[in-house]
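*Asks:* The structure that follows is given in the form of structure tokens.
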Amino acid sequence: MVTTRSLGQNFRADLATGHNARRRCRRYVNELTALARGGRELIGKDDFVLLDCGSRDIKYVRFANGSLADMGWNAECGASMGFTIELLSRYYDLDYATLPVPEQGFAVTCGVLGMSHIFDAVVNGMPEGEAVARFVRGIALNGYRFAGSPETLYLSGGLCDNPLFVASFPCNLITLGRFVLLTGLQTYLTSDRERT
Amino acid sequence: MQAETMESLAGKLVGIVGVPPLAVIRQLLAAGAEMVDLDEPQVRKSIDLTASYLPRVYCAVLRTVVLNAMHLDLEAIFIDVGPGKCDCALHVSRILQRFCPKVVTTRNTDSTGFGYSTCRCRMDLAEKFACITAHVRKETAPPPRPSCTPTAGFWGVPPRDFSILSLFPETTHVYGWTRCMENKTPADLDLEAHFNPSVPTVFFAQAFCAKTALARHLADLHPCSLYLDCDVTASGSVRAKIEAFLELSGAGKTD
């Protein structure tokens, strides 16, 4: 495993997906396509909803009877992004593994307004950890609704490693980890080999 | 508008917004007015210049209308504000009075259908939209064309940013208000709400447009759909969503 920051300016991957990958590779695969292919490979079911929560965006695919039924990608709103959660943990020096899931979350329809909920709550005496936990729960709820509020939801992306975020979903949640898109890329390599 | 007023528009630049009634288009053509479609970008100016008159968070098509009106020397504007357009157009018609001495509001309830063969033919999608929108300024519909078997669907209004249309195959059928435009019945809600459930379809609306509600509703009803909204220009994620949807649904370009 090598971090992209350690790669030289002239590095070009043979096959890549993800943010900024297009200009650093010879062959680019659309992130949603990689997610769908990787999810299908790992989940192995005809019907599923898979939500990917990354640091810069969230996206989901829904398959019904083995075919794509619905999908979405939100890369604009800070109310749905993992980096907001990362920033908050650094700002308040919090460890998400130790924070209990709050009974209720903030309504985080907008990232900026959602953060003002945190500041207001802290000013009114709520412990910082609880205020942030409510925000995180609100973001999890946003993601759940974004994916169509399914009974069972598969989750991928870096936030699978955040216990508070994972426990905040109001449904049966199955985490797949952060490498589902890589599995999606592998399906391309397999298809290429089969073709040749 | 009175006949003598129409006659005064001979050779003058007249803006139209939405799809004014056919009777009005005929009068303008008979008078020899030079019509320009204000829904489409007509000037190379920043859309942010409209911020003095409209909220920035507002329909990009109507912001484009105002931008055009600010910079074109228009003798008159005919803006449809009826059920074939939107309530926002009604409000914008007042703002347009700041830039043009004659702003005429119309309510198009034309119900005679002219057909929509362009929506169903095999043609580059951007050319298809250009053909349909160009015929808003004419009293005739586009020439009849043979229908093709659809592999993808595009439901909605002509987008502010036509570049997203290049992602679709030539065998994309067009639905929604664009189909109503070609049919010259912009207030026909039944035709607007029609879709083909066997064709993977992108349900598109301009961000901040009331039609987002209908687009989302119909996308929910369709078994293989993508709901999409987009503001002034298509972001990378908007293009990627379309690309992925067409590829994963098997509706993508084959050529």
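The values are calculated or read from the model by the stated rules, or taken from the named source; none is laboratory data. None of these values were measured; they are calculated from a predicted model. Here Cβ is always computed from backbone atoms with ideal geometry, including for glycine, and neighbour counts include all displayed protein chains. Just so you know, the surface numbers come from the protein's heavy atoms only, side chains and all, with ligands and any DNA or RNA stripped out. Shrake-Rupley method; radii C 1.70, N 1.55, O 1.52, S 1.80 Å.
*Asks:* Considering only residues that are touching an Asp or Glu at 6+ places or on another chain (Cβ under 9 Å) and open to solvent by less than 10 Å² (accessible area, probe 1.4 Å), which ones fall in region B:91-120?
*Replies:* Passing the criteria: B:C100, B:N108, B:T118, B:C119.
*Asks:* Quick one: which residue in B:V157, B:V57 is farther than 24 Å from B:L13 by Cα, open to solvent by 60 Å² or more (accessible area, probe 1.4 Å) and either in a helix (DSSP H, G or I) or in contact (Cβ under 8 Å) with a residue 60 or more places away in the chain (or both)?
*Replies:* Answer to the selection: B:V57.
*Asks:* Of all residues in region B:1-28, which are touching a helix residue (DSSP H, G or I) at 6+ places or on another chain (Cβ under 8 Å), open to solvent by 70 Å² or more (accessible area, probe 1.4 Å) and not in a loop (DSSP other than H, G, I, E, B)?
*Replies:* B:E7, B:Q27 - these are the residues of region B:1-28 that are touching a helix residue (DSSP H, G or I) at 6+ places or on another chain (Cβ under 8 Å), open to solvent by 70 Å² or more (accessible area, probe 1.4 Å) and not in a loop (DSSP other than H, G, I, E, B).
*Asks:* Let me ask something additional. Please determine, by comparing only the residues of region B:237-255 that are at the interface with chain A (Cβ under 7 Å from one of its Cβ atoms) and in contact with a strand residue (DSSP E or B) (Cβ under 6 Å, 6 or more places away or on another chain), which one is modelled with the lowest pLDDT.
*Replies:* B:S237
*Asks:* Residue check, B:F168 against (1) hydrophobic (A, V, I, L, M, F, W, C); (2) within 14 Å of chain A (Cβ to nearest Cβ); (3) within 23 Å of A:N74 (Cβ to Cβ), all met but one. Which one?
*Replies:* B:F168 satisfies all of (1) hydrophobic (A, V, I, L, M, F, W, C); (2) within 14 Å of chain A (Cβ to nearest Cβ); (3) within 23 Å of A:N74 (Cβ to Cβ) except (2).
*Asks:* If you scan region B:208-236, which residues turn out to be facing chain A (nearest Cβ under 10 Å) and either touching a helix residue (DSSP H, G or I) at 6+ places or on another chain (Cβ under 6 Å) or surrounded by fewer than 17 Cβ atoms within 10 Å (Cβ to Cβ) (or both)?
*Replies:* B:D220, B:P223, B:S225, B:L226, B:Y227, B:D231, B:S235, B:G236
*Asks:* In this structure, is A:N65 without any contact (Cβ under 8 Å) to a residue 40 or more places away in the chain, surrounded by 21 or more Cβ atoms within 10 Å (Cβ to Cβ) and among the polar types (S, T, N, Q)?
*Replies:* no
*Asks:* Just wondering, is there one or more residues in region A:116-134 that are within 13 Å of A:F169 (Cβ to Cβ), buried (at least 20 other Cβ atoms within 10 Å of the Cβ) and among the basic types (K, R)?
*Replies:* no
*Asks:* Please work out which residue is nearest to the other protein chains (Cβ to nearest Cβ), limiting yourself to region A:9-43 and to residues that are within 17 Å of the chain's Cα centre (by Cα) and either part of a loop (DSSP other than H, G, I, E, B) or surrounded by fewer than 16 Cβ atoms within 10 Å (Cβ to Cβ) (or both).
*Replies:* The selected residue is A:N30.
*Asks:* So how many residues does region A:44-56 have that are open to solvent by less than 20 Å² (accessible area, probe 1.4 Å) and either over 14 Å from B:A240 (Cβ atoms) or facing chain B (nearest Cβ under 10 Å) (or both)?
*Replies:* Residues meeting the conditions: 5.
This table checks each residue for (1) modelled with pLDDT of 95 or more; (2) within 22 Å of B:G176 (Cα to Cα).
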{"position": "B:E34", "(1), (2)": "yes, no"}
{"position": "B:R44", "(1), (2)": "no, no"}
{"position": "B:A60", "(1), (2)": "no, yes"}
{"position": "B:V66", "(1), (2)": "yes, no"}
{"position": "B:I77", "(1), (2)": "yes, no"}
{"position": "B:D80", "(1), (2)": "yes, yes"}
{"position": "B:C86", "(1), (2)": "no, yes"}
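*Asks:* Being open to solvent by less than 70 Å² (accessible area, probe 1.4 Å) and either β-branched (V, I, T) or assigned to a helix (DSSP H, G or I) (or both) is the requirement here; does B:A51 meet it?
*Replies:* Considered against the rule, which asks whether it is open to solvent by less than 70 Å² (accessible area, probe 1.4 Å) and either β-branched (V, I, T) or assigned to a helix (DSSP H, G or I) (or both), B:A51 comes out as yes.
*Asks:* Any residue that is within 8 Å of another protein chain (Cβ to nearest Cβ), under 25 Å from A:A16 (Cα atoms) and not β-branched (V, I, T) - is there at least one of those in region A:78-91?
*Replies:* no
*Asks:* Going through region A:162-194 one residue at a time, which ones are among the polar types (S, T, N, Q), under 23 Å from A:G148 (Cβ atoms) and in a helix (DSSP H, G or I)?
*Replies:* Within region A:162-194, A:T183 is the sole residue that qualifies.
*Asks:* When residues of region A:52-70 are filtered for being outside any strand (DSSP E or B) and within 20 Å of B:V202 (Cβ to Cβ), how many remain?
*Replies:* Residues in region A:52-70 being outside any strand (DSSP E or B) and within 20 Å of B:V202 (Cβ to Cβ): 1 in total.
*Asks:* Right, another one. Within region A:135-153, how many residues turn out to be surrounded by fewer than 16 Cβ atoms within 10 Å (Cβ to Cβ) and not in a helix (DSSP H, G or I)?
*Replies:* Qualifying residue count, region A:135-153: 4.
*Asks:* If you check B:T133 against the conditions, is it under 14 Å from B:P20 (Cα atoms) and surrounded by fewer than 22 Cβ atoms within 10 Å (Cβ to Cβ)?
*Replies:* The answer is yes for B:T133.
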